[in-house]
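Colleague: Below is the structure I would like to discuss, written out as structure tokens.
What follows draws every value from the coordinates through simple rules; no lab data is involved. Please read these numbers as outputs of a predicted model, since none were measured by experiment. Cβ placement follows ideal geometry from the backbone for every residue including glycine, while neighbour counts extend to all protein chains displayed.
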Amino acid sequence: MQDSTLGPQMPITLITGDLYTHNNRLVHLITGQWGEDITSTTKGSFIDKTYSYTIPDDYRGVPVVLKDLKVAAFIAEGKQEIVTGAKAYPGTPAAIIAGIDELNRNLTASIYPNPASDVLSVDFKLEKPKNVEIKLYDLSGSLIKAKSYGVLRSGKMNIKLSTSDLKDGLYFLSLNVGKQKTVQKIAISK
């Protein structure tokens, strides 16, 4: 979905000629109108799916502004009732979007052990001094912890992140280095 889309709003535009700012404009359905069937579930089961989608420069002639995009996901019984839903913004862990230069400019990191119990190691290389920040999100996209390391010197980096205060489960770790970002799924198991 895209917010802040300037366009006609009938019948006001016909009468006044003024355009309206639309929000939550549906621009694409990644899995089609009815999504995909998930048939292998039992009570308490967890389904993990990853989708890749390249965001175009525009949708029907309307330029894409990354900060105005949102992703919505939902689970439905059949083709009528929405049982549950969630939304996220591109660049947040619940909506990892690949292929966008602003989000990932060849930043690679090694995060281990995975699963972790008390400490995670984050290894990466800096070509030149840059500001470094690590954020940890739960599966709903809520920020659990964030730590800024300031500007670090160039070279090989190894950051230790305490996870002893986290509950067992899946999380997303976002490593932000200057304008670069990489997001990886991690598991905590004690």
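Colleague: Determine, for THR108, THR42, the number of other Cβ atoms within 10 Å of each Cβ, and report the residues in order from fewest to most.
Modeller: On the way: THR108 11, THR42 5.
Going from least to most buried by this count: THR42, THR108.
Colleague: On to the next question. Treat the count of other C-beta atoms within 10 Å as a stand-in for reagent exposure and order ILE111, ILE159 from fewest to most. Could the numbers behind the result be given before it?
Modeller: Numbers: ILE111 20, ILE159 17.
Ascending Cβ contact count within 10 Å gives the list ILE159, ILE111.
Colleague: What is the fewest-to-most order of LEU139, LEU126 by other Cβ atoms lying within 10 Å of their Cβ? The partial results should precede the final answer.
Modeller: On the way: LEU139 15, LEU126 18.
Ordered by Cβ neighbours within 10 Å, fewest first: LEU139, LEU126.
Colleague: Residues of segment 149-184 with amide nitrogen under 15 Å from the 7 Å Cα-to-Cβ point of ILE38?
Modeller: So the set is 170.
Colleague: If you don't mind, there's one more thing I want to ask. For LYS181, which lysines qualify as cross-link partners when the Cα separation must be under 16 Å and same-chain residues fewer than eight apart are set aside?
Modeller: LYS67, LYS125, LYS128, LYS130, LYS135, LYS147
Colleague: Something else: So what is the orientation-averaged projected area of segment 110-188, using the convex hull of its C-alpha atoms, in nm²? Write down the numbers at each step before the final one.
Modeller: On the way: hull surface 18.7 nm².
Over every viewing direction, the Cα hull of segment 110-188 projects on average to 4.7 nm².
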